[in-house]
Amino acid sequence: MTVFSDYAACYDLVYRDKDYDGEAAHVCSLLSAQSLNAGTVLELGCGTGGHAVPLATRGFDVTGLDRSEEMLTLARQRLGHVEPALQRRIHFAQADIQDFKLERRFDAAMALFHVISYLADDGALASALACIRSHLDGQGVLVFDFWHAPAVLAQRPETRERTFEDANTRVMRRMRPRLIADRRCVSIDIEIESMDKLSGAVRSIRETHLMRYFDGDELRDALHAAGFDVHALSAWMSHAPPTEEDWSACVVARAR
Ligand SMILES: C[S@@+](CC[C@H](N)C(=O)[O-])C[C@H]1O[C@@H](n2cnc3c(N)ncnc32)[C@H](O)[C@@H]1O
């Protein structure tokens, strides 16, 4: 299954209103609570680099990994628009987060915007966590958000359709989810019609994304098995415990 390949071309338009700067500030506050105020960060599933620049602005040296070359091409283009001093603090590389080796270690690792939910079975999660652990310094901090099982099961995923537009492009995106409860996953068929406003040319994109939802206890167990202890578990962009209202939750773990 190829995901975030053709989709990459309209990703930044679809998420144009996402508050990457505010999210980076929140993650920095979580790191600061672990006494980490600057240092090196490994960003897993960095996508088009929306968090990398605000993280670098806040004092971190960022290495972003992603499986999708198309997303990384856009991330590198983004760097072309930032000042050279920041550019030098950000690097992107193609890798699968389940199996990578960088020959160096980091003060922190993070995976933001549901990247960990793309690890759709126990083996994939265990491989990724072991790989991440081997790239962290002794007390390294790991932060990631994930689909929160109690909310997914209470609210149930629904078909959604939205249109996104800028001066050049109009994108219609329809997402049809299907709950696969025995695998604790949601399979989402994504249909995109992207129209170039000038030429009228229309491009159709189809991808299926398999997303896993987790509850806190299963993540605590998986993290413990990989050499981490969980220090905080909260609703995303909050410091409160996640409830059935919170589709997205966030873990802060420390290597031991
Ligand atoms: C929802 S996007 C989030 C991108 C970025 N973090 C953001 O906030 O915009 C999920 C990203 O995870 C990447 N991804 C998913 N599974 C991956 C894997 N096994 N290895 C590397 N990247 C992966 C995808 O290519 C995609 O760029």
Just flag the GluC sites (Glu not before Pro) in region 117-172 sitting in loop per DSSP whose Cβ has no more than 14 other Cβ atoms within 10 Å.
Glu158
Rel. contact order, % - alpha carbon contacts under 8 angstrom, at least six apart, region 152-211:
27 percent
Stretch gain in nm, segment Arg104-Met172, where the contour uses 0.36 nm per residue and the Cα spacing is subtracted:
20.3 nm
Give me Cys250, Cys131 ranked fewest to most by other Cβ atoms within 10 Å of their Cβ, as a rough exposure proxy.
Cys131, Cys250
Computed from the beta carbon distance with a Förster radius of 35 Å, FRET efficiency for Ala93 and Ile190 to the nearest 0.05 stands at 0.85
Where in region 114-133 is the amide nitrogen less than 19 Å from a point lying 7 Å along the Cα-to-Cβ axis of Asp217?
122
Take Ser29 and Val82, extend 7 Å from each Cα along the Cα→Cβ direction, and tell me the distance between the two endpoints in nm.
2.1 nm
I'd like the distance between the alpha-carbon centres of region 89-123 and region 209-256, rounded to an integer number of Å.
16 Å
Glu165 versus Arg256, label points 7 Å from Cα toward the beta carbon: distance in nm?
5.5 nm
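Read-outs: derived from the displayed coordinates by stated rules, not from any lab. Just so you know, these numbers come straight off a predicted model, no measurement behind them. Virtual Cβ from ideal backbone geometry, glycine too; neighbours counted across all protein chains shown.
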